Amino acid sequence: MKKITIASIISFFVLGFLVISCGKEKPIVVDSSEITTIKDGTVFQVDTLNSKIEWKGYKIFKSDNFSHFGTIKFESGDVTMQNGEIVGGKFVADMGTLENVDMKSDLEQKTKLESHLKSTDFFAVEKFPTASYEITKVTRNESGDYNTTLDGNLTIKGISKPAKFNANISMKDGEVSIATEPTDIKREDFGVKFQIPVANGVIKDEVNLQILIKALEKK
């Protein structure tokens with residue numbers, strides 16, 4: 001009887017340790033949409049050299065006069081097409097490539113801003129080196145400036161939230177092009193809650209993102 005009790009206790013602690021250890025490796029999923037996209041079709045691989053995310057953040061007012069903007073490159077990704085229409089996809093951004101563009105003439109300030117954005121005050125890139133967007137639903141638009149609406153799960157700093165982007169999507173000569181409408185997300189929804197002292201202004205919660213993808217048929 002004692003042997004069974006001791007074994008049970010040991011098993012309990014081992015199981016508990018494994019659960020805690022595994023938990024450290026998994027994203028903190030706050031909210032996400034069920035994936036209803038189709039997996040069957042022709043797979044196109046993201047051309048990471050010619051694809052990017054364009055970002056813009058605002059200080060004090062949501063105005064170009066009070067903004068910083070730049071790019072983030074992709075680490076990997078794929079798009080699934082069927083009969084010339086997008087039916088699924090996932091894109092993984094390399095947060096270590098986050099770059100400021102508007103301060104190129106002031107290298108010192110540019111470097112300082114990039115380092116700060118990669119720090120634990122903002123995106124904690126060392127701990128969370130990638131962000132991702134996985135398409136969960138595709139809706140074809142018959143009118144308007146964008147031919148498709150993409151619903152998906154956006155994951156930043158290990159936190160997943162549903163995010164919707166209008167997009168123009170086309171396929172020509174074995175290449176898929178995706179250009180989303182510039183869209184605001186709320187950085188605080190993803191645990192990016194840094195605030196500068198009031199004397200120096202206020203950082204707006206909204207961050208504007210535009211996803212620009214070129215993808216080539218996977219051989």
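The values are calculated or read from the model by the stated rules, or taken from the named source; none is laboratory data. Here the structure is a predicted model, which means the values were calculated and not measured. Accessible surface areas use protein heavy atoms only, side chains included; no ligands, DNA or RNA. Shrake-Rupley method; radii C 1.70, N 1.55, O 1.52, S 1.80 Å.
Of everything in segment 86-113 that's open to solvent by less than 60 Å² (accessible area, probe 1.4 Å) and part of a helix (DSSP H, G or I), which residue is nearest to Gly158 (Cα to Cα)? That would be Met95. When segment 57-85 is filtered for residues that are modelled with pLDDT under 95, open to solvent by less than 50 Å² (accessible area, probe 1.4 Å) and within 20 Å of the chain's Cα centre (by Cα), the ones remaining, listed by number, are Gly57, Tyr58.
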